[in-house]
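The numbers here are math on the coordinates, done by the rules we state, and not lab data. A quick note: this is a predicted structure, and the numbers were derived from the prediction, not measured. Cβ atoms come from the backbone with ideal geometry, glycine included; neighbour counts cover every protein chain shown.
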Amino acid sequence: METKTQNMIEMRHIVKDFNGFKANNDINLTLKRGEILALLGENGAGKSTLMQILSGLLAPTAGDILVRGKQVDIKDPNTAKALGIGMVHQHFMLAAAFSVWENIILGDEPVKRGKLDVKAAHQKVTALSKRYGLAINLDAKVADITVAQQQRVEILKVLYRGAEILIFDEPTAVLTPQEITEFIKILKGLAAEGKAVILITHKLDEIKAVADRVTVIRAGQGIATLRVSDTTDDQLAEMMVGRHVNMKLDKPAAKIGQEVLNVSDLKVNEARGNLAVKGLSFNLHQGEILGLAGIDGNGQDELVEALTGLRRVEAGQVTIKGKNMTNKKVREITELGVSHIPADRQKFGLILPWSVADNMALQSYYHEPFSKHGIINFNAIHEHARKLIKQFDVRTTDENLPAGELSGGNQQKAIIARELDRNSDLIIAFQPTRGLDVGAIEYIHQQLLAQRAAGKAILLISYELDEIMQLSDRIAVLHDGQISGEVRPADTTDRELGLLMTGAKKEGR
Amino acid sequence: MFNLSEKNKKFLVPIVSVVAGFLVGAIIMLVWSYNPIQAYGSMFSSALGNMNGIGETIREATPLIFTAIGFAIASSAGFFNIGLPGQAQAGWITAIWIALANPNLPKYILLPVCIIAGALAGAIVSGIAGVLRAYFGTNEVITTIMINYIVLYLCQYLMQQIMSPKLRVDMDATKTVSANGSLHLDWLANFFGQSRINAGIFLAFIALLGFWWLMRKTTTGFEIKAVGLNQFASQYAGMSAKKNIIVSMLLSGAFAGLGGVVQGLGTYQNYFTQTASLDIGWDGLSVALLGGGSALGILIAALLFSILKIGGLGMQTIAGIPYEIVSIVIAAIIFFIAINYVVGLLFSRKAAVKTPTDHHPTSTQAVTLGKEEQL
């Protein structure tokens, strides 16, 4: 008989060798029935490789996998499915035009006499939804439901296919604090029903809230497996990064100076011509960090593009350093002293095939000493790059390496080096730490605080509430293209911010 | 090490393509019972075996160098300029017309004027496509193809209806330009066995140097390359997409126009009825692709192309291979050069597998590494 303590999965001494590079180097992992195991590690630590091995996408070079005590060879994703292993991906794979129940049964439809058995399908899905407390309107179209609800559809999809072992990949990245609380309840419910859960995450507080045990992976090696109740955040962070990480930022009181940025009643369209920024007003001063919190897709992209000259302003005014910069060219805005750290570093921030040196001159190549009368001085560009690489600790073989070959964290460091080195008065930092590991995040946060101390005005737009809370002097919450409230980090809670982010609560300013 | 393999790839891919092309050509000849060794022998001996052959090979390569540079500039900016034939034709007729109309101007004035006017004519033709692209988003592939036809027949109309009959021999050909408007150099032609080699080759070398300098040393080249590689990042960096589209198309057309100028003032010394878009335009495209868009690559590729063309004649006369088979063999070689891209893909797949996974996926690796990052 299966007992609660039975090992659902046992991965022993897993090695995955990619032509000499060991993505997994002797990793052990056990997962028990009814347990939530957190898998913690930096980007590139090997978590993904390990989970790909478990879900049959990659074959291990060496090592054994036991499912329910029996040695198995998971040669393809179908084998994984037959063994009851299911994965909820970070990017949902749903057909937007289909209803919820249709999405759930898609690919595994109950058939009666050659026809889709709608009734049976509906019943089965309803039963699952009740049993696991995943309340959702089964007939709603996926296009019309929230991201959190879409995630429930994904979970139901996996359960519908009979999964006993559920792998969640960074599941809370897209959720508001309230939704995260709900999601944690769902996870606990799944565990209580005897499912085994693996949770891939960066977020230490979530691990604390939900996981029973945590396996830490660093540079392809299993560092430790611990009971969560016996550990601290600091200890986990240190194990993950391999050195001590300063979790609390040293943030002196703000020395607020003159107004640098003033946005009044700004209206901006999105690509299809609908209003995305709907009458936004705020201001920002020297020595101040204004955090713009909000869920992805509430007008952040359009706002940043409008401020930096990449998108047309329909109405309203953008004033930078006392000058009306509404609908000015990108270069005019840059020249006035605006640095822009873009959210998508590979699309906007860098020309990936180009060298680090050329990328570091991307905003200033037309100035002396980098060029004179239209002729480029590559010695100056390289010298400048070597200086920045050293100053900002960009890990690269040298300045000639193509930017595309740097790790994500170092690509971001290269952009930050370029943008901060220009000594701009206004710094627009959009998701500056997206996808980065704890060490790189810490570094970038310190750089932003140093700029604040130097009297720069910083507009921080981020979907990470922790980042907003840690860095901001003021927080404005963006909902549906408008500011739903402005608060100070000391006077607010995650809960209040979450309500503002969903528009459930609005404040007069 | 990736850097090095990328460099190796740049050399290996065209060499593999060329060798594969020659092999397929050999197989075709074997199928029809011709001796490929004898055929290729006669190809190389007629193209390179005597001074006249060498001179003709260089002469054949001269316009290709210009049109290939034209293609390479536009393609650096991300545009596929297949209007090279029309741009070259515009340059050709313009240079000839001005030279014929002013036969007595001193050489040091007439020749530069003809050359510059030819380049301008090419630039105007390509500029139309550039402006349409920049301001209306019109696909440049379609506009440049269509403009090729417009230029083809417009030139015919201009020569037959507008040009003074005094400048023409008959309805289908103009007179020969005077010595003051010609790129012909006696000593050069004599040295290369009375071939049609001309001063155009010196201009071609200057053009190659200028092209190299433009793309490698100037902010204009920097911007053109940036726009071509990542238009989002270049807009983010404040570069004007419109300006770069138009500048690169104008430069591209100017070089293509120069290709026509050397063909006119150098090779033929006149203009005559063209029944189809100029070969030097199409071949320039292949030369630029084979040469990988670099100055040295273009030079080597242009010479290779001319060896095929000039040597092809030798294959007929010396080895007795019918013209049709020669055409198939040359087409096979060009075909493999054209699928250069596919050969390149084979290499890149190997490289992607070799790359360790601790990096973020770059654009080339995204295919294989994307999955790993998402899980």
Per principal axis, descending, Cα span of segment A:41-97 in whole Å
41, 30, 17
Explain nothing, just the number: relative contact order of segment B:61-320, from Cα pairs under 8 Å at least 6 residues apart, as a whole percent.
42
Pairs A:K112/A:K185; A:K22/B:K225; A:K157/A:K185; A:K141/A:K329: which are spaced more than 30 Å apart, C-alpha to C-alpha?
A:K112/A:K185; A:K22/B:K225; A:K141/A:K329
If each part is reduced to its alpha-carbon centroid, segment A:114-174 and segment A:175-200 end up apart, in Å, by 14
Solution diffusion estimate, µm²/s, Stokes-Einstein, segment B:159-302, Kirkwood Rh from C-alpha pairs, 37 °C, viscosity 0.692 mPa s
185
Cut-off is 10 Å between beta-carbons; in what order do B:V31, A:V118 appear when sorted fewest neighbours first?
B:V31, A:V118
Taking 0.36 nm per intervening residue step and subtracting the Cα-Cα distance, what contour gain separates A:F98 from A:K347 on full extension?
86.5 nm
In chain B, whole DSSP H helices that both stretch 18 Å or further along their axis by alpha carbon positions and average at least -1.0 on the Kyte-Doolittle scale are B:2-31, B:51-76, B:84-101, B:107-136, B:140-157, B:200-217, B:241-261, B:295-317, B:323-338, B:340-354
GluC sites (Glu not before Pro) lying in DSSP loop within segment A:458-509, provided at most 13 other Cβ fall within 10 Å:
A:E507
Share (percent) of C-alpha pair distances in segment A:7-241 greater than 28 Å works out to 32
Computed FRET value (nearest 0.05) for B:Y268 with A:R331, which takes r as the C-beta separation and R₀ as 51 Å
0.60
If the chain between A:T30 and A:A253 were fully extended at 0.36 nm per residue, the gain over the current Cα-Cα distance would be 75.6 nm
Hey, what D do you get for the protein assembly as shown in µm²/s if you plug the Kirkwood alpha-carbon radius into Stokes-Einstein at 10 °C and 1.306 mPa s?
50
With labels modelled as points extended 7 Å from the Cα through the Cβ direction, what inter-label distance (nm, one decimal) is found for A:A504 paired with A:I184?
1.5
Can you give me the distance in nm between label points at B:I28 and A:Q6, each placed 7 Å from the Cα along the Cα-to-Cβ direction?
6.8
Residue order, fewest to most surrounding Cβ atoms within 10 angstrom, among B:V19, B:V113, B:V247
B:V19, B:V113, B:V247
Check each of the chymotrypsin sites (Phe, Trp or Tyr not before Pro) in segment B:8-60 and keep only those in coil by DSSP with at most 14 other C-beta atoms within 10 angstrom; list them in order.
B:W32
Could you work out the mean count of beta carbons from other protein chains within 10 Å of each residue's beta carbon in A:363-370?
2
Considering every residue in B:217-226, what mean count of other chain Cβ atoms within 10 Å of its Cβ is obtained?
5
Looking at segment A:1-53, which trypsin sites (Lys or Arg not before Pro) are DSSP coil and have at most 14 other C-beta atoms within 10 Å of their C-beta?
A:K4
Vicinal HN-Hα couplings computed from phi for segment A:378-391 (Karplus, 6.51 cos²θ - 1.76 cosθ + 1.60; Hz; Gly/Pro x)
5, 4, 5, 4, 5, 4, 4, 5, 4, 5, 5, 4, 5, 5
Using all C-alpha to C-alpha distances in segment A:259-501, build P(r) with 10 Å bins and read off the rounded percent in each one.
8, 32, 36, 20, 5, 0
With the 8 Å Cα cutoff and a minimum separation of six or more residues, segment A:279-329 has a relative contact order in percent of 25
Specify whether the C-alpha gyration tensor of segment B:140-205 places it in the rounded, prolate or oblate class, a ≥ b ≥ c being the square roots of the eigenvalues: rounded for a/c under 1.5, otherwise prolate if a/b is larger than b/c and oblate if not.
oblate
Using per-residue counts of other Cβ atoms within 10 Å, averaged over each peptide, order B:65-77, A:210-222 from highest down.
B:65-77, A:210-222
Where does each of B:88-97, B:261-270, A:79-88 land if you order them by average Cβ count within 10 Å, highest first?
B:88-97, B:261-270, A:79-88
For A:T326, the net charge from surrounding residues (Cβ-Cβ under 14 Å; K, R +1; D, E -1) works out to +3
Quick note on B:M171, B:M239, ordering by fewest other C-beta atoms within 10 Å, gives B:M171, B:M239
Segment A:121-215: translational diffusion in µm²/s, Stokes-Einstein, Kirkwood Rh over Cα pairs, 4 °C, 1.567 mPa s:
93
Which residues in segment B:163-198 place their backbone N less than 16 Å from a point set 7 Å from the Cα of B:Y108 along the Cα-to-Cβ direction?
B:180-181
FRET efficiency for A:A450 and A:K372 from the Cβ-Cβ distance with R0 = 35 Å, rounded to 0.05, comes out at 0.65
Contour minus Cα-Cα distance for B:I206 and B:I150 (0.36 nm per residue):
17.1 nm
Among B:E223, B:E56, B:E324, which one moves the most in a GNM of chain B with springs linking Cα atoms closer than 10 Å?
B:E324
At a Förster distance of 30 Å, what's the computed FRET efficiency of A:H89 paired with A:Q221, Cβ-Cβ distance as r, to 0.05?
0.75
Which whole number gives the average count of other chain Cβ atoms within 10 Å of the Cβ atoms across peptide A:332-340?
1
Give me the distance in nm between label points sitting 7 Å out from Cα along the Cα-to-Cβ direction at A:K141 and B:A173, one decimal.
7.0
Taking only Cα atoms of chain A, the Rg to Rh ratio with Kirkwood Rh works out at 1.00
The value for segment B:61-320 (convex hull of the alpha-carbon atoms, volume per residue, Å³) is 134
